[in-house]
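A short write-up of the structure that comes next.
The values are calculated or read from the model by the stated rules, or taken from the named source; none is laboratory data. Predicted model only: the values in this text are computed from it and were never measured. Because the Cβ atoms are built from the backbone with ideal geometry, glycine has one as well, and the counts that use them run over all protein chains shown. Surface accessibility is based on the protein's heavy atoms, side chains included, excluding ligands, DNA and RNA. Shrake-Rupley method; radii C 1.70, N 1.55, O 1.52, S 1.80 Å.
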Amino acid sequence: MQTNNQYKSQMGRFLSFSFVFLSVLYLLPPNLVVALPLHTSSRWIVDEDGGRVKLACVNWQAEKEAAVAAGLVHRPVGSISERIAAAGFNCVRLAFPVPLAADQSLASLTVRKSFQRLGLLDSLAGFQANNPSMLDLPLISAYQAVVSSLAENNLMVIIDSRIRSKPCFRGSGINPDLWVKGLTRLATMFSGVPNVVGMCLRNELRNVKDWYRYMQKGAEAVHSANPDVLVMISGLGDGTDLSFLLNQQLELTFTGKLVLELHWRGSLAGRARETGNPNKVCGRVVNSLMRGGVLLRKGWPLMVVNELGADDNRHLNCFFGLAAELDFDWSLGTLEETNGLMNLKNSSFFQRISALQDAGLNASGNKHHIIISHPSTDQCILRKSMYEPLLLGPCTQSEAWGYTPQKTLKLKGTYFCLQAVGLDKPAKLGIICNLPGSNWEIGSGDSKMYLSTKLGDGTTVCLDADSSNHIVTVTCKCSSRDHKCDPGSQWFKIADIYLSLFTKTNSSDQPS
């Protein structure tokens, strides 16, 4: 059980979250209003009209012993919801302790009594000062009030059903029948609530046999009670492995609603996360994650939940690189982590997630093309003219690139190709594309995020972005075991861009 000081400390971290936004509000786009409910079409999540909806979520914890959403001790729920929307997110993964739905005596406990029974009297006073109208609501009604506040700010909600942060059915004290019962009640409760667009069945089961058995039961129960919501299913262990689905699909009676969920955790890198070469660590994490991520390429819709802190730049660059390449739906951070969004002092992070949220943008009007993305800034390589230096800028302004069998990077519809002319010199566009420095290795290095070429004297150089965001060619970084090096400025990704308009088709969650 938490002490009052421990609870205050955790909730207090939320306070600084709101002040980050003031300097970036004018930079971020308004939230899009989509035609609900959502469904899937091949690997995409789409709205009722068939247009792509890219979920760009933040995790909001709500499963602590007091069973109320974090931060309500310090700020009104409406203020928090407004700031989430202003940050550029379009949805919230709002954690819900399943026992709250399965246990009527717990669900009927009021917020006031929940604090009192834990001895959290200072927190009780803070909640009363900031959210007095919610204080005497039953806990389950307080959760509904948070969902309503998010709806008022055009924020979609994914209910992240939890068993008090412990794996289900393995020492949690919750039997599977009660879990299914809780999910059914929860799905029924939010049937007809338009902004509740999905439910996560996050069990962290430990073996494949249990996974297929209980995930099928849970998914069918949710869909039967509320056919409008997406059913989001996480993998084995700590949610990082879905590769077993390549051998055996999950048999369900419904289609068009299943979304797979992978968790990006620090544990994927092990001890090397802190002491390893970041180039090698990124490669290890991506390789591990892509055991399940390969399902995305096979036509399964996938959301990646990043549970790293928002100030963990070296590892976030790796995440942003893969997100740019694969264009998956995502959820970031948590509103109560020590190293999460609340403690962020650099407002540029919110500009980055705003850029990452843009989906299916196509400046040229073609159905499909590639861009050269720079994960550490979430910008792309642009040209102003043939004679001006190449530089980074908004990906929405990127022209279409093509990668030829001769390994040249060409601007589509032109004769121009990307060229390196020397060490520590600006990269340029040229029209004689068989010269040294014109053939680019894409995805070199352990991280597979370098663009490298060889000069006429045999020297290998990597593409880089200097302090002025100009594109230059320099010696490749982090080729040794140095764990303190930062390769971020040299990480680039070739990313596919698709139009965000889809025609309605018969969708299936289980590609053959």
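From the Cα gyration tensor of the stretch 98-144, with a ≥ b ≥ c the square roots of its eigenvalues, which class applies: rounded if a/c is under 1.5, or else prolate if a/b is larger than b/c, or else oblate? It is oblate, given that a/c is not under 1.5 and a/b is not larger than b/c.
Here the stretch 359-480 has 53 percent of its accessible surface on carbon and sulfur atoms, given a 1.4 Å probe and all protein chains in place.
As a calculated quantity, the FRET efficiency between Asp457 and Ser224 at R0 = 56 Å, using C-beta atoms, amounts to about 0.25.
Set the bar at 29 Å for Cα to Cα. Now go through Lys407/Lys477; Lys217/Lys448; Lys298/Lys454; Lys412/Lys454; Lys425/Lys484; Lys54/Lys298 and name every pair that lies beyond it. Listed pairs above 29 Å: Lys217/Lys448; Lys298/Lys454. Annotation: per residue accessible area for the stretch 186-307 equals 36 Å², rounded to a whole number [probe 1.4 Å, protein chains only]. A 1.4 Å probe, protein heavy atoms only, puts the accessible area of Lys407 near 80 Å².
Summing +1 for each Lys or Arg and -1 for each Asp or Glu, what net charge is found among the other residues whose Cβ lies under 11 Å from the Cβ of Ile370? Write out the running numbers ahead of the final one.
Values: positive: Lys410, Lys412, Lys493; negative: Glu325, Glu399, Asp496.
Net of charged neighbours comes to 0.
From the protein chains alone at 1.4 Å, what is the descending order of accessible area for Met386, Met232, largest first? Walk me through the intermediate numbers first.
Numbers: Met386 70, Met232 0 Å².
Reading off the accessible areas and sorting them downward yields Met386, Met232.
So with the 1.4 Å probe, I'd like the accessible area per residue for the stretch 436-476, rounded to whole Å². Walk me through the numbers before you get to the answer.
Details: 1690 Å² over 41 residues.
In whole numbers, the stretch 436-476 has 41 Å² accessible per residue.
Rounded to the nearest percent, how much of the accessible area of the stretch 34-192 (1.4 Å probe, protein heavy atoms only) is carbon and sulfur? The partial results should precede the final answer.
Details: 2540 of 5250 Å².
Carbon plus sulfur share of accessible area: 48 percent.
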